[in-house]
Amino acid sequence: MSDAAKPKFGHEMRLLAASLLSMGVILLWTKFFAPKPVPGLNKATTAQSGPATAGAGASGGAGSTAAGPGATAMTPGKGTANVSGGAAAAAAQAPPVAAKADATEHAVTVENELYRVVFSNRGAVVKSWELKKYTDDSKPQKILNVVHPEAAQATGGWPLALIFDDPQLQAAANDGLYTVTQAPAAGGGGAKFAGSDPEFSWSDGHLEVTKRFHFDNSYVVQVETITKLNGSPVVAGLAWLGGFGDLTVQNPSPIESTSVFYDENGKLTNIAAKKLDGPEKWANGVWQGGKDWTGIEDRYFAMVFLPGAGPAPGTLEARYWRDSRNVVVDGKDTQEAVPQVATATPQPMGLRVYVGPKDYDDLKKMRPPLHSLVNFGFLEFIADPLFHGLKLLHNYIPNWGWAIVVLTLVINMLLFPLRISSYKTTLKMQRVAPEIKQIQDKYKKYTMRDPRKAEMNKEVMAVYQREGINPVGGCFQMFLQMPIWFGLNSMLRSTIEMRHARWFGWITDLSARDPYYVLPIMMGLSMYLVSKMTPMTSTDPQQQMMMKVMPITMAGIFMISPISSGLAVYILTSSLVGIGQQYWLNKQHPVTAVVQVKKKK
């Protein structure tokens with residue numbers, strides 16, 4: 001072809017061709033060689049409102065997961081979930097809230113007329129809870145602290161810690177250094193000795209925890225907790241960990257009188273510390289619902305979790321278990337149970353927490369009433385009126401020991417007509433005793449299974465009917481005293497008023513036994529004197545000896561058993577009154593000579 005025939009490409013055509021070729025190259029490179037975009041990168045912000053999910057680093061359609069440092073997000077009740085590393089993981093795990101923590105650990109104190117509470121900002125837990133109106137049994141006595149520091153340290157849990165379904169969340173919340181805001185000391189009323197109403201806040205960027213406390217001049221504390229994970233509420237119970245009560249008591253040991261409890265449908269259930277299950281029972285987020293109130297107690301003090309806004313039956317969920325710690329008993333290492341209890345409600349959780357004495361009347365005034373925590377045992381129908389009668393007397397007699405003496409005088413005066421009736425029956429039985437002995441001798445060769453023994457009983461009853469004798473009439477007054485003894489002892493050992501109640505001299509605790517055994521010895525001697533003054537209803541030497549030995553046996557029981565000295569005061573006073581009454585009866589109704597019945601030949 002000639003040069004004239006060749007097509008000519010101008011500047012415009014070259015530019016167009018180059019542009020088309022460049023666009024083609026870019027499209028082909030993008031299609032086959034460019035790196036793939038990370039799926040869901042533009043959705044990273046959704047991680048704030050739900051549990052963290054595993055990211056995917058896909059290659060050739062095959063999913064893979066890689067966990068790196070700082071790429072673990074904790075989810076409630078589900079353990080942990082891993083996310084992919086690199087820039088995509090950092091975007092997916094962007095903290096939904098700012099981290100919030102204090103730099104150092106320090107104490108926070110709340111104090112009023114009733115108690116002194118010391119918190120630690122590490123975990124926002126209680127390190128000490130002193131009840132200022134009560135002392136322990138140590139020598140010298142100290143202000144009672146119901147927190148057990150050694151047990152709490154050994155088990156790793158303190159009062160008012162949080163319990164999560166996820167152990168990692170629980171460890172983080174209870175070990176974090178919380179920031180604290182606290183109202184200054186009030187000038188009048190309320191918590192006026194130290195700062196009041198502390199608020200603890202902490203966050204690691206994912207888990208947020210806030211605890212608010214309101215104290216006033218009562219044993220009830222208002223507690224509000226708010227727990228969130230990545231912005232969403234997460235269940236967390238408030239717990240009393242590390243044991244509870246007076247550690248210095250003896251006979252029985254503290255653990256013997258410590259139990260957890262819950263009230264459900266108006267029925268109180270107590271579980272002794274040694275009978276609690278281990279923590280494995282509450283795995284996988286198990287809570288027991290339907291509870292009215294829950295807590296932990298020893299003989300005289302209690303901690304109770306209550307609904308925040310008054311009675312709300314069946315709204316609380318509970319867990320109760322035992323850990324253990326090593327203690328030295330008689331020079332040997334022994335495992336001791338450490339009872340624990342936790343209570344939860346939907347978030348935000350508001351509870352009232354009672355920490356104080358088991359004062360029957362004060363607990364009865366609460367809503368819901370808590371007076372069932374004062375356990376009078378199966379003889380409550382006797383112990384309860386005795387207790388309120390004693391409290392009535394104490395309004396006029398400030399010393400509890402002398403109030404018991406006056407109560408004894410009142411009861412013995414009320415029972416005196418029965419003593420007169422019993423005495424008259426005893427005289428009648430004494431008169432026919434030789435005849436009864438003759439009948440018994442006639443049948444003594446027969447065994448108890450022999451039908452002829454029934455004939456003996458018929459003859460004896462015929463004699464009693466002829467003389468108008470009630471066989472149990474002579475013992476009725478004594479039998480009536482026995483349930484009074486048991487009911488009174490139960491009351492004296494269960495009511496906070498009797499704890500460390502002084503009478504005089506060496507009797508400094510009417511709820512405990514006499515340390516020098518003076519009262520039991522005096523009680524035994526006075527009972528023996530009463531028995532010597534009372535006519536015998538039997539001519540059998542063995543039965544007469546048994547009646548003489550009984551006072552000695554009673555004194556021995558009081559020496560070796562943890563029977564309250566208050567009961568010894570009652571029995572001693574009752575015996576002294578009995579001596580006077582018996583002397584009067586013997587003067588008014590002298591014992592007649594016993595007619596000996598001749599044996600038939």
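The values are calculated or read from the model by the stated rules, or taken from the named source; none is laboratory data. Just so we're clear, the structure is a prediction, and the values are computed from it rather than from any experiment. Cβ coordinates were reconstructed from backbone atoms using ideal geometry, including for glycine residues, and neighbour counts include every protein chain displayed. All accessible areas refer to the heavy atoms of the entire protein, side chains included, with ligands and DNA or RNA removed. Shrake-Rupley method; radii C 1.70, N 1.55, O 1.52, S 1.80 Å.
Summary table
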| item | result |
| --- | --- |
| Projected label distance in nm at Ser421 and Asp450, using a 7 Å step from Cα toward the beta-carbon | 3.8 |
| Near-label residues of the range 213-249 by backbone N, under 20 Å of a point 7 Å along Cα→Cβ of Asp333 | none |
| Gained length - Gln141 relative to Ser232, 0.36 nm times residue gap less alpha-carbon distance | 27.9 nm |
| Sites Val549 and Met482 - FRET efficiency at Förster radius 22 Å, r taken between beta-carbons, to 0.05 | 0.80 |
| Listed residue pairs exceeding 24 Å between alpha carbons, taken from Lys133/Lys275; Lys132/Lys358; Lys142/Lys364; Lys142/Lys358; Lys453/Lys532; Lys127/Lys291 | Lys133/Lys275; Lys142/Lys364; Lys453/Lys532; Lys127/Lys291 |
| Estimated inter-spin distance, Leu414 and Ala99, nm [label 7 Å along Cα→Cβ] | 7.0 |
| Residue-wise HN-Hα coupling along the range 453-458, computed from phi with Karplus coefficients 6.51, -1.76, 1.60 (Hz; x: Gly, Pro) | 5, 5, 5, 4, 4, 5 |
| Ile521 paired with Ala309, simple spin-label distance in nm, labels 7 Å along Cα-to-beta-carbon | 6.5 |
| Cβ-derived FRET efficiency at R0 35 Å, Arg367 paired with Thr179, nearest 0.05 | 0.55 |
| Relative packing of peptides 262-268, 276-282 - highest average C-beta neighbours within 10 Å first | 262-268, 276-282 |
| Share of carbon and sulfur in the accessible heavy-atom surface of the range 206-276 [1.4 Å probe, %] | 49 |
| Stretchable slack from Ile397 to Ile560, in nm (0.36 nm times residue separation minus alpha-carbon distance) | 55.6 nm |
| Total formal charge among the other residues, if their Cβ is under 13 angstrom from that of Asn399, Lys/Arg +1 and Asp/Glu -1 | 0 |
| Where chymotrypsin sites (Phe, Trp or Tyr not before Pro) fall in DSSP loop in the range 543-584, at most 15 other Cβ within 10 Å | none |
